[in-house]
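Scroll down for the structure; my scribbles are underneath it.
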Amino acid sequence: MPRAPAPPADAGTPSRRPASPRAARAVTPIAFVRAIGLACERAGVDPAEILAKAQIAPGLLKRADARISAAQMEAVSAAAMQRLDDEALGWFSRRLPWGSYGMLARASISAPDLGLALKRWCRHHGLLTDDLALTLEATAGRARLRITERRPLDPALREFCLVTLLRNVHGVASWLIDSRLPLDAVHFPFPAPPHATVYPMLYPGPVHFDAAACGFDFDARYLALPLKREERALNQMLQRALPLTVLPYRRDRLQVQRVRQWLQAHPDRAHSAASVAAALHVSVRTLHRQLADEGSSLQALKDEARRERALALLQRSRRPVKQVALAVGFASEKSFARAFRQWTGMTPSEARGQATAG
């Protein structure tokens, strides 16, 4: 987790602020806590004292199906990082002292847009450790953030390491642009673990195991978004980074564009709120809320897509109006003509006549 360069006065104690309902949900697999306990043991620290600060009963580690809440994960991670003075929790060939990831955030926040911020994060991460490399590439409208393992990671810590690194960079990226960063795919180079069902709750996108490399893919348009944060906000965020690295960011500043693109790419489908939400990996409620935040609605975007397709078919093809109506989702020519007049102020025949006259 990203942290401030210096721990606060009450560092090492769980936050006394009441956890939010989402933070109190028990979704973090106990396997990650076992990895933290193993790192403590190897450093000569009794894991029991770390578990106690997060109110995790030692017996819970013996239950393969056990889960802890996000708030407990924050507490146990912070306690272990500070006790070991290692934000990497034993993953790498050298320690990453307390504040290392905070320095990455500070180096990135002055960038003008997300693309440069992520490139800085990747480059500076290489200064912390050369056990692995983070890279960012963008081609054909898709962006890819990848983790390349330069040295074999400890098998007992590898999953926790890669999962945490991706969650960190994804959470900070979303925070920097004040927007949920939807993921088109998330890749992990290991078999699906017994607790694989929790992964969709950790990452907002399809998760694939046994991949060639670790990383995630997303829409490259997000790289051009300007950063929305400044130094004071960064100082506050670094005191408690859990909501960025565990809980999904709610707002999406490009959701209107994503919905518009989806509708245009699939003009022949019947687009319900459920189908569009599923395609974009959000709930129906979230989809409606995000579109409303951007001053739009699904119905307005559906009407826009149908209007543009209808105009294109009328002006660039010789299809009868009835076939055009069916192609854009209307059961009758009459209902299509009525809607088309509301959209454009013209009848379908008048729109076709304008194109012919031009």
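The values are calculated or read from the model by the stated rules, or taken from the named source; none is laboratory data. Treat the numbers as computed from the prediction; the structure is a model and nothing was measured. All Cβ positions, glycine included, derive from the backbone under ideal geometry; neighbour counts span all protein chains shown.
A search for C-beta distances below 9 Å between a residue of segment 224-238 that is in the same structural domain as Ala173 (by TED's automatic domain parsing) and any residue that is loosely packed, with under 12 Cβ neighbours inside 10 Å and at pLDDT 85 or above, counting only pairs 6+ apart in sequence or on different chains, returns Pro226/Pro112; Leu227/Pro112. For segment 139-153, the tally of residues that are in a loop (DSSP other than H, G, I, E, B) and either outside the structural domain of Pro189 (by TED's automatic domain parsing) or touching a Lys or Arg at 6+ places or on another chain (Cβ under 9 Å) (or both) stands at 2. A single member of Ser93, Ser69 is among the hydroxyl-bearing types (Ser, Thr, Tyr) and buried (at least 20 other Cβ atoms within 10 Å of the Cβ), and it is Ser69. The requirement of being within 24 Å of Ser77 (Cα to Cα) and either in the same structural domain as Leu38 (by TED's automatic domain parsing) or modelled with pLDDT under 95 (or both) is not satisfied by Pro182. When Glu74 is tested against the conditions (1) modelled with pLDDT under 95; (2) out of contact with any His (no Cβ under 6 Å at 6 or more places or on another chain); (3) surrounded by fewer than 23 Cβ atoms within 10 Å (Cβ to Cβ), the lone failure is (3). Only a single criterion out of (1) over 19 Å from Pro267 (Cβ atoms); (2) free of Cβ contacts under 8 Å to residues at least 24 places away in the same chain is not satisfied by Arg318, namely (1). Listed by first and then second residue, the pairs with beta-carbon distance under 6 Å, at least 6 apart or on different chains, first residue in segment 265-292 and on the phi > 0 side of the Ramachandran plot, second at pLDDT 80 or above and surrounded by 14 or more Cβ atoms within 10 Å (Cβ to Cβ), form an empty list. Pairing each residue of segment 192-209 that is surrounded by fewer than 16 Cβ atoms within 10 Å (Cβ to Cβ) with any residue that is among the aromatic types (Phe, Trp, Tyr), provided the two are 6+ apart or on different chains, yields C-beta distances under 6 Å for Ala192/Phe209; Phe209/Phe188.
Scanning segment 128-137 for residues that are surrounded by 18 or more Cβ atoms within 10 Å (Cβ to Cβ) and more than 21 Å from Trp98 (Cβ to Cβ) yields a single hit, Leu136. Here Asp219 meets each of (1) farther than 17 Å from Ala138 by Cβ; (2) at pLDDT below 95 with one exception, condition (1).
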